[in-house]
Amino acid sequence: MTLGLDQVIDHTALGLTNDDLVDLYRKMLISRRLDDKMWALNRQGRVPFVVSVSGHEATQIGIAAALDSSKDWSLPYYRDIAFNIGLGVTPEDVFMGVFAKAADPASGGRQMPNHWSEPDLNLFTHSSVIATQYPHAVGIAYELKRRGSDAVVYVSGGEGSTSEGDWHEAMNFAGIHKLPVVFLIQNNLYAISVPAAEEVAGQVADRAEGYGMKGVVVDGNNILEMYGVASAAVARARSGEGPTLIEAKTYRYYAHTSDDDDKLYRTREEVELWRRKDPLPNFRQYLVEQRVLTEAAEAKLESEVTSLINNAVAAAESSPDPTDATGHVYAHPIVPSVAAVTVEPVPVGEEINLITAINRTLHYAMGRDPLTVTFGEDVADPKGGVFKATVGLTDAYGSDRAFNAPLAESVIIGLGVGIAATGTKTIAEFQFADFIHPAFDQIVSEVARIRYRSNGRWACPMVIRTPYGGGIHGALYHSQSIEAFYAHVPGLKIVTPSTPADAKGLLLSAIDDPDPVMFLEPKKLYRMAVGPMPEGDHRVPIGSAALRRIGDDLTIISYGTMAQFSVEAADLLRDEGIEATVVDLRSLRPLDWPTVEAAVKRTSKVLIVYEDNEFLGYGAEVSAQISERAFDWLDAPVRRYASPEVPTFPYAASLEEQVIPSVEGIVDRARALAAF
């Protein structure tokens, strides 16, 4: 391996003064000394884990200097210690995270060190998952551009992250919409131990052309070159010329983390060769040659930095440990406390079907608040969604508020995370629940955990709409029920309506909720469920079940399509002299336990009906809750009626009818339970 000489750049041509140079050097020095101190603390057993920055200082300080933290947004990755210092995060803040203290501004000790977050600097919360930050960045950039701001979004990662689909999906969306994003890839030649030749085909920056943006390769160890390239990229973004991909060639001098042994995959000769390009002494030499840094000034600076680091360590190490492990899961926790004991009255309103109610509610929500957007595949007019749920929204409210997303599920959710971070109410649509699975990581690792992992400093006010379930001959990939996957996840709220009135009331409540809500739409009921929809601001509180029928012989608990089927079954059972209570859960997380409990105590026999697979389906949790909390009231085992052990519903009508729960099947099982 050979290394070329750094290009000599005149700092005055970049608009930098002598004071600017000293400030850049000071921040680089702080970053290096901070890194050295972290490693020392780790070796002493005082902190369990550190992530190193040494070698990346010029790259990170150079681009931080090009940003305006009063309006620009940043989504740094775990190695961006120097960037954070350059942006305004203090060494004490960093060490609060290293020591996992309550005063850690990033997470209050909930995340590992270097998982950055600082709302006061527009620095968005980061997770351990590689590349999920890129869709968030383009979501933020989209909304900033939509509002007419000239702010720029910075997002970074290592070259290994460019193998992830989230990176490509974000690059594509940014290129399509010419978003004000600066993508920085810090290529230090290794994704932990995997060399670049085994992870990146060609050169990272060359990929920019395929996404319709400018790509630049820069010597990441030359801070002046880095600042010049970064400033140009920021200026392009700020002036509306679109995104830039910067590939900074650099090197990390230490192991990936304190849990890594880089001697297993790098030679000492290679490391020493790159040490000759160490950005810190090289920039110091430039300052000396330019007569900017005198020997006395350097000694003073070293002393000040040493004191700064030592004081930061002392303050952080003596700071209180965190004590709250369960707070900030939700911005608006809902704990149902009042049981429904009477049949919910039928509201007054025009008789319409479920899908029309959803469409009208979306129009109502978009019309009342300009900071509400919706998007997804085929959402925009003239199509207006494959089921017409969004028809007319683009025409009424503009193509920037109701717009199509690429066929890329992960970026749909990641985009929504970014838009929601700006405070805009975000409604993301998936055509079918079956196709949401590529976005699982974004939903579970990001959406659901943003508030908790940021210790309550960020929220994700987002609605995820998707049709689910069978009964329309959708076969294996247009019939799935996904509620059990997501109801398992703290941080999410899950609701599903079975009437047009509930569709409106739950959807409006979901849109206004400060937490992420998954709004599951039973597509068999889209046109089958007909009923009145109230005018105006009709609400159904999240966490409230509805009693559809009241009887003393048994309780049928269900939701979605099965709630409708259960009501039909209850009416048939009444003709036989069997009186059934029907509980329509409506809200799956949180569960309205008081209403469930009251119904169990009334009848002492329970049948739970759902169309997902019986084994580990949502009804299994309801059954477990009843068995644990209301066992003494039971006169018979809790029964479940759901789909058998097949992947999902087959296509042929003769086969689907054998699998999907039916009204007749509910009647048969309820009759047997009543006779127990």
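None of the figures in this text is laboratory data; all of them are computed from the coordinates on show. As the structure is a prediction and not an experimental result, all values here were calculated from the model. Cβ: placed from backbone, ideal geometry, glycine included. Neighbour counts: every protein chain shown.
With the simple model of a label 7 Å out from the Cα in the direction of the Cβ, Glu597 to Ile472 spans 3.8 nm. The alpha carbon centroids of region 254-278 and region 347-421 are separated by 51 Å.
Expressed in nm to one decimal, what extension gain is obtained for the pair Glu269 and Lys214 from 0.36 nm per residue of sequence separation less their Cα-Cα distance?
On the way: separation 55, 0.36 × 55 = 19.80 nm, distance 3.49 nm.
Stretched out fully, the Glu269 to Lys214 stretch lengthens by 16.3 nm.
Rounded to the nearest Hz, the phi-derived 3J(HN,Hα) couplings of region 575-581 under the Karplus curve 6.51 cos²θ - 1.76 cosθ + 1.60 (θ = phi - 60°) are 5, 8, x, 9, 9, 10, 8, where x marks glycine and proline.
Tell me the angle of helix 133-146 to the major Cα principal axis of the chain, expressed in degrees between 0 and 90 and rounded to the nearest ten. The angle comes out near 90 degrees. Ordering Phe649, Val582, Ser566 by the projection of their Cα atoms onto the charge dipole of region 534-656, which places +1 on the Cβ of Lys and Arg and -1 on the Cβ of Asp and Glu, puts Val582 at the extreme positive end.
The helix-only estimate of mean residue ellipticity at 222 nm for the chain, built from DSSP H runs of length n ≥ 4 each weighted as -39500 (n - 2.57), is -11500 deg cm²/dmol after division by the residue total. 3J(HN,Hα) couplings calculated from phi for region 615-629 with the Karplus curve 6.51 cos²θ - 1.76 cosθ + 1.60 (θ = phi - 60°) are, in sequence order, 5, 6, x, 4, x, 5, 5, 4, 4, 5, 4, 5, 5, 7, 10 Hz; Gly and Pro show x.
Separation of the alpha carbons by more than 24 angstrom is noted, of Lys388/Lys504; Lys178/Lys493; Lys101/Lys425; Lys178/Lys425; Lys101/Lys249; Lys383/Lys493, for Lys178/Lys493; Lys101/Lys425; Lys101/Lys249; Lys383/Lys493. Please report the spacing between the Cα centers of region 434-450 and region 504-533 in Å, no decimals. Rounded to whole Å, the Cα centres lie 20 Å apart.
Derived from the Cα gyration tensor, the three semi-axes of the equivalent ellipsoid of region 387-495 are 23, 20, 11 Å, largest first. What residues of region 462-481 lie in the reach of a label at Ala653, counting those whose backbone N is under 17 Å from a point 7 Å from the Cα along Cα→Cβ? Backbone N within reach: 470-475. Computed from phi, the 3J(HN,Hα) profile of region 104-116 under the Karplus parametrisation 6.51, -1.76, 1.60 (θ = phi - 60°) reads 4, x, 6, 8, x, x, 7, 9, 5, x, 6, 9, 6 Hz, with x in place of Gly and Pro. I'd like the orientation of helix 165-177 relative to the chain: the angle between its Cα long axis and the longest Cα principal axis, in ° from 0 to 90, rounded to 10. Helix 165-177 and the main axis of the chain meet at about 90 degrees. Based on alpha-carbon centroids, what's the gap between region 64-97 and region 197-248 in Å, whole number please? So the two Cα centres are separated by 20 Å. Judged by the ratio a/c of the largest to the smallest principal axis of the C-alpha gyration tensor, region 99-232 counts as oblate, that ratio being 1.5 or greater while a/b is no larger than b/c.
Quick one: which of 361-372, 27-38, 471-482, 542-553 comes out on top by average Cβ neighbours within 10 Å, and what's the full order, highest first? Show your work: numbers first, answer last.
Details: 361-372: 17.7, 27-38: 22.7, 471-482: 19.2, 542-553: 20.8.
The densest-packed peptide leads the list: 27-38, 542-553, 471-482, 361-372.
Backbone N atoms of region 616-640 closer than 20 Å to the 7 Å Cα→Cβ label point of Glu579 belong to residues 634-636. Calculated from the structure, Cα extents along the principal axes in Å equals which of (i) 81, 65, 52; (ii) 152, 62, 48; (iii) 98, 54, 43? Here Cα extents along the principal axes in Å agrees with entry (iii). Ellipsoid fit via the Cα gyration tensor, region 300-444: semi-axes of 44, 25, 15 Å, each the root of five times an eigenvalue, largest first.
Mind running the shape call on region 279-330? Use the C-alpha gyration tensor, a ≥ b ≥ c as the square roots of the eigenvalues: rounded below 1.5 for a/c, prolate if a/b tops b/c, oblate otherwise. Could the numbers behind the result be given before it?
Values: a/c = 6.01, a/b = 2.66, b/c = 2.26.
Prolate shape, in that a/c is at least 1.5 and a/b is the bigger ratio.
Model label points for Asp552 and Asn404, set 7 angstrom from Cα along the Cα-to-Cβ axis, are 6.1 nm apart.
So the label point goes 7 Å from the Cα of Glu535 along Cα→C-beta, right? Which residues of region 331-351 then have their backbone N under 17 Å from it? It comes to 347-351, nothing else.
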